[in-house]
Amino acid sequence: MANTEAQRNVLMLCGDYMEDFEAMVPFQALQAYGVSVDAVCPGKKAGDVCRTAIHDFRGHQTYSESRGHNFTLNATFEDIEVSKYDGLVIPGGRSPEYLSLNDSVVDLVKKFSNSGKPIASLCYGQMILAGAGCLKGRKCTSYPAVKPVLIDAGAHWVEPDTMSACAVHENIITAVTYESHPEFIRLFVKALGGTIKGSEKRILFLCGDYMEDYEVMVPFQSLQALGCHVDAVCPKKAAGDKCPTAVHDFEGDQTYTEKPGHDFTLTANFEGIDASSYDALVIPGGRAPEYLALDGSVIKLVKEFMEAEKPVASICHGQQILAAAGVLKGRKCTAYPAVKLQVVLSGAKWLEPDPIDRCFTDGNLVTGAAWPGHPQFISQLMSLLGVRVSF
């Protein structure tokens, strides 16, 4: 429930088969900035999960869909009191199709709208706003397929010129897809009364095929939303190329499961990359580090950042690269528990990730065990960079 010690308290309206990124990126980004976020779903309670959907654009006439991560709710819908929250976030995906027909959901959204509190809705989420009668006379955008519904609801349709477009009308922020996240989240932070300082930083992401889906996109877009310049590179690939990703989840087996994730688009060329032009390095986990750790050019790049004592943030299996680069000797470090042997053999002092979302900072080095730790992981990197969000 709403955290009275947080700078702001936000409610996220979830449902089964909401889009995976459209739930987790704003959920963890806002927490990293010091905002308390309660995620609820009608008919479910805190600790229950919502299935998510991965929607991607792979050359067909519409998006593809596959199963995403399981999203764990942290609050109970029936216990919600609108007065305790400063804003509402509505992810897209397929869940808004049925949530827009739920009377308790419609009533909740009407209360937020009538109060004038910020509402940030993404992609298909605007169907819920239409069902609640919140869009009449308001400028609004969305995923293009939702356009007829919004026009019939009385909205002034704003044609998106890109899949990253956003629109703002009074207290309502709308966006097209998860590609909109950087501006979408930044606009919501501003609507909550937040200001961002120290964002003139340049950050490099070291990517590879089958890196973990969340572990690249959540920190990537969270840092972009702060106004940082963020580049993503991969050996033997160029700007505009894609890396396939993996969804690693915990579903009751003795180790994590894997499913295909989104395709991630690189923003810069690896060849010729200059470490001196960046302020920090981020290394996502997943399976990519297994082979990237064998690449001499990757090892050289990592050593340059560490020798310059620039912030380096590595999560999950990313520490396999740090171990191979020989930069962990004498350093305090955590990682996904299965990587412990490699981290210890490399000379690091192992820090137990208990609970699994715990992250640590040792000098210029931030390490985390898995994607549930993103709020701490991003927040600790922000501290090293001198980037702050205040309300």
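The values are calculated or read from the model by the stated rules, or taken from the named source; none is laboratory data. What you are looking at is a predicted structure, and each value in this text was computed from that prediction instead of being measured. Cβ: placed from backbone, ideal geometry, glycine included. Neighbour counts: every protein chain shown. Keep in mind that these areas ignore ligands, DNA and RNA; they rest on the heavy atoms of the full protein, side chains included. Shrake-Rupley method; radii C 1.70, N 1.55, O 1.52, S 1.80 Å.
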Å² per residue, accessible surface of region 73-154 at 1.4 Å
39
For the chain, give the percent of accessible area contributed by carbon and sulfur heavy atoms, probe 1.4 Å, rounded to a whole number.
49
Looking at the chain, what % of its DSSP beta bridges pair antiparallel, to the nearest 5?
40
Burial order of peptide ranges 330-343, 364-377, 176-189 (average beta-carbon count within 10 Å, highest first):
364-377, 176-189, 330-343
For the chain, what does the helix formula give at 222 nm: sum of -39500 (n - 2.57) over DSSP H segments with n ≥ 4, over the residue count, nearest 500 deg cm²/dmol?
-8000 deg cm²/dmol
Only Cα pairs within less than 10 Å get springs; with that Gaussian network setup on the chain, which residue of Q31, Q319, Q61 has the largest fluctuation?
Q61
Given 5 Å bins starting at zero, what is the percent of C-alpha pairs of region 12-169 in each, up to the one with the largest pair distance?
2, 9, 19, 23, 22, 15, 8, 2, 0
For region 248-293, what is the accessible area per residue in Å² when the probe is 1.4 Å?
46
Cα centroid distance between region 242-275 and region 287-324, in Å?
15
Where does each of S199, S222 land when they are ordered by accessible area, with a 1.4 Å probe and the largest first?
S199, S222
Can you give me the three principal axis dimensions of region 77-149 from its C-alpha atoms, in Å, biggest first?
33, 24, 17
Where a ≥ b ≥ c are the square roots of the eigenvalues of the C-alpha gyration tensor, would you call region 274-391 rounded, which needs a/c under 1.5, or, failing that, prolate if a/b is larger than b/c, or oblate?
oblate
Cα centroid separation - region 40-90 against region 326-363, whole Å:
32
Zero-based 20 Å bins, Cα pair distances in the chain, whole percents:
30, 57, 13, 0
antiparallel share of DSSP beta bridges within region 200-356, to nearest 5, in %, is 35
